[in-house]
Each structure stands twice: as structure tokens, then as C-alpha cells.
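First up is the structure itself, then whatever we jot down about it.
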Amino acid sequence: MGRFDLVVIGSGPGGYVAAIRAAQLGMQVACVEKDRALGGTCLNVGCIPSKALLDSSELYRHTLQGLAVHGIKASGVELDLASMMGRKDRVVRGLTQGIATLFKKNKVTRFTGTAQLESAHRVRVRGEGGEEVIESERVLLATGSEPVPLRDLPFDGERIVSSTEALALPRVPRRLLVIGAGAIGLELGSVWSRLGAEVTVVELLDRILPGMDRGMAAQLQKSLEKQGLTFRLGMSARGAERSDDGVRVTLDAKGETAVVDADVVLVAIGRRAYTEGLGARELGVGIDERGRIAVNGHFETSVPGVFAIGDAIPGPMLAHKAEEEGVAAVELMAGQGGHVNYDAIPNVVYTWPELASVGLSEEAAAERGLAVAVGSFPFQANGRARCMNETEGAVKILADATTDRIVGFHILGPRASDLIAEAALAVEFGASAEDVARTVHAHPTLPEAVKEAALAVGKRAIHI
């Protein structure tokens, strides 16, 4: 029987980061993971493999279509999907092994098996080698989330797939139907479109990327349509008939039906908290109607000594959100001042161009009754973007009309996922648009578009 100060259940970004930080703070820490590989969904079947495929597929597309403008002629370009998938797997394997090394370095004890709470201080682990009971002063639930199935299109792992299977298709489908125009659907749709699939995206709402800035999302949709993706908005999938070589899906739009044939259907309508089977509900832990665990300001559940973070609790299902909550939770356990600023959490869609945001959209600001001044600057007018031949998109900044404090940052364009870091820092420090506008940015660089957008808030942009 093991005895610890903290047992973390789940080794995804929230769990493994929390375990390491707790060990740094002097706690005796154990981490329970049901899979053999550490890293959870993000490292194994989520963030990392999807970005590996996005980068590889973008290089393939760029080689086919984007080199000529630079005076580079390429011929005989071929796709080796098996090698591309092999590289993805090596990237994943290296990072998961890296977490194991970090656990050893920080003396975090690892248990492999499924965990079940017997009490607030006892966890039973069932693994291949049998069962073991761990005793701990505290337990941190970092169990993450899983794909939401569609009742009328249940997953079969072959023709009707979740994001997990869509990351490892054995061949490029001729026709891919994506149900859901969120980040996961658009990213994986982009991967297979670049590799040669005809991709159709179906979305129940009248827009893509709900929650992101509507104007920026509309611009991204136009860009993706130019790349070959087809969108059918305001429609829902009502049923499917599977054949030997594909799936026939019935779509519904206000009572009118249409039929679409596809080789593979990716259902990407969202994710749900992975909380069943833990024994948490039976122990008395408060869980809402969506399966999410309720916590207080210290990430403690309704059962003293049991804590929860990440996708298992309310809030955006983002790896970096889980990481920050994990750090804050264990620092609070140690008597320190852990804190997460939920208004400064960036959100990124890794299509090309990329779309990234932090803070409020114009729609959210209006709902709050907040008057904002808006400044925007197109990458078309940015020197480095022109050198790269990547001129789609723009930077948009929302500042409080009275105080000039930045309340929203939206970037559609090349390397938006990197550019958003400056925006998140500005929001975290409560910067004004004037602060960003007065900050010297190197020339010629993409971040100059951020400076110009800040200048545009005060109608002082130089290059437009």
C-alpha cells in the first residue's frame, strides 16, 4: 500500500503538470494513468498528433501549390502517407517518453491502471498486474474528456469515426464528411483536404467556430472554401446507412432533407468530461448535468480533500487551461497564491491561416454592454507577410472605449498561434491599446501587424 501527499488521477497536460509542480513543492506524489503511455488525450490522440499532421500536410500542400511564386520549380512530388503517419507517431512517442523522464527526475510515482475512489483518501488502482490501494492526503481528478457521439451516427471506428481514428486513417478518403465546424472538425478537415480528400463540413449553426469572433470566423471560412472545403451550414445529420465502401448520410435543414455520400464521416461535435467510473459520484462529489465536476475557488470538490481540474470541470476544454489549473490547484494546496485568469486564456484554431483569440469578441462585449473601440490591420499591408506570400487575414483589437484597456484580441493570419502570446501577455497585464502601440516591434516582422492594430484603435495606423 502506497502513502502519498497527493494522488493525481490522469496524466494529461493538467495531471502531469500538476504532479510535477506538486513534487517541486515538496509533496510525495503519485500519478495514476489508465493507458500505458503518459500524456493523455492531448499528447497521444489530440493536440500533438493533430499538429504534426497539420504541419506535414501544410508542407505537402505548399510544395504542390506555393513554391512557384518563390521561383522554385518542383516536380515528381508524391505523398507517402505511411511515412507521414510514422513521423507523427515518433513525435508523440518522444514527448510521452519525455514525461516519463520528468516523472523520474521529480520522483513522481507512476501507477498504470484504472482508478476508483474508495474514499477521499483512498484510491484503488486496477491494472494488468492486479489491484493496489493508494492512500493519500489529497486526490486531484484530472481525467480529461472524450469525444461526444452523435445518436444517429454512432462511432464504428472505421467509417464513422471520432478525432482519434481520424488521426490515423490508413488511406486518404476520396470524400470526407465532417459533422461539426469547431476547431477539431476544421483542423482535421484541413489535413485531409490538403492530402487530396473532398471535404464537406456540416454545421448545425449558421456559422463556423461558435464562440470565436464572428467576423474573423467568416473570413476564415472564405479562406477554407478557396482551399477546397465545402460548408453546409444550418444543417444537422439525421441518420446514416453504411455500405461496403462508404456511408450515405441524411442531412436535415428545417424539415428539408438532403443525402450526402462519403467514404468516411468524422463526427466532431464536441467533447464531454470523462468522469464516469471514478467512484466520484458515489462518494458524493457534485457533478452537473453535463458530467462536469463542480469545484470551488481552490479547485476543491464538495468532498473535502478531493480536487479537480481541466476538462473534468466547467470552462474551455483547452490543454493550457488544464495546465494552469493544475499548477494553481497544487500551489493553493501548499498555501501559496495560485490563480488562473480566465479572461487571459488564448484559444487557437490551427488551420491555415490560423485563427487565435484572447478575451472578448465584439459580440460578447455587446452582450455585456461594454462600449469598445476597435482597431484592425490587414496582413496584406505587412511587409513580412508579403515576403512570405501569406497575406490573408488581419489583427483586430478591442479596447474599452473609456479606459483604452484591451479587452479582446483576435488574429487571423500566418503564425497567429505564436502572435497570440503577445496578446495574452497584454491582457494579463491589463495593458491599454496605447501600451501596445508604443511598444517597439522589430521590422520587418509579423508582430508589426499587432502594433498597427493597436495604433488603429486610436485611428493612428501608419501603413493603411
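The values are calculated or read from the model by the stated rules, or taken from the named source; none is laboratory data. Just so you know, these numbers come straight off a predicted model, no measurement behind them. Backbone-built Cβ (ideal geometry, glycine too); neighbour counts: all protein chains shown. Quick note on the areas: whole protein, heavy atoms, side chains included, nothing else; ligands and nucleic acids left out. Shrake-Rupley method; radii C 1.70, N 1.55, O 1.52, S 1.80 Å.
Structural remarks
- Over the chain, Cα pairs under 8 Å with separation of 6+ residues give a relative contact order of 14 percent.
- Projected area averaged over orientations for segment 251-324, convex hull of C-alpha atoms, nm²: 8.1 nm²
- Among the cysteines of the chain, those whose beta-carbon sits 4.7 Å or more from every other cysteine beta-carbon are 31, 387.
- Taking the convex hull of the alpha carbon positions in segment 332-420 and averaging its projected area over all directions gives 8.0 nm².
- Taking the C-alpha atoms of segment 141-280, convex hull volume expressed per residue in Å³: 130 Å³
- Estimated FRET transfer efficiency when R0 is 60 angstrom, pair residue 207-residue 3 (beta carbons, to 0.05): 0.70
- Compared with the rule-of-thumb size 2.2 N^0.38 Å for a compact globular protein, the chain has a Cα radius of gyration ratio of 1.03.
- Counting every C-alpha pair in segment 69-160, the share spaced more than 21 angstrom apart comes to 66%.
- Note on residue 428/residue 259: beta-carbon distance plugged into 1/(1 + (r/R0)^6) with R0 of 56 Å gives a FRET efficiency of 0.70.
- Surface accessible to a 1.4 Å probe, residue 216 within the full protein complex, Å²: 0 Å²
- Residue by residue, segment 109-122 carries 3J(HN,Hα) couplings of 7, 9, 10, 10, x, 8, 9, 9, 6, 9, 7, 5, 10, 9 Hz when phi is fed to the Karplus relation 6.51 cos²θ - 1.76 cosθ + 1.60 (θ = phi - 60°); x denotes Gly or Pro.
- 3J(HN,Hα) along segment 44-57, derived from phi through the Karplus expression 6.51 cos²θ - 1.76 cosθ + 1.60 where θ = phi - 60°, amounts to 8, 9, x, 3, 5, x, 5, 6, 4, 6, 4, 5, 5, 5 Hz, with x in place of Gly and Pro.
- Sorted largest first, the spans of the alpha carbon positions of segment 390-464 along the three principal axes are 35, 24, 20 Å.
- Pair-distance distribution of segment 1-57: all C-alpha pairs, bin width 5 Å, starting at 0; shares per bin in whole percent are 4, 19, 22, 18, 14, 10, 6, 4, 2, 0.
- Residue 342 accessible area, 1.4 Å probe, all protein chains in place, Å² to nearest 10: 110 Å²
- 19 Å Cα-Cα reach of residue 222 towards lysines, excluding residues that sit fewer than 8 places from it in its own chain: 396
- Computed over segment 375-429, Kirkwood Rh from alpha-carbon pairs, angstrom: 11.9 Å
- Estimated FRET transfer efficiency (residue 72, residue 119; beta-carbon r; R0 60 Å; 0.05): 0.40
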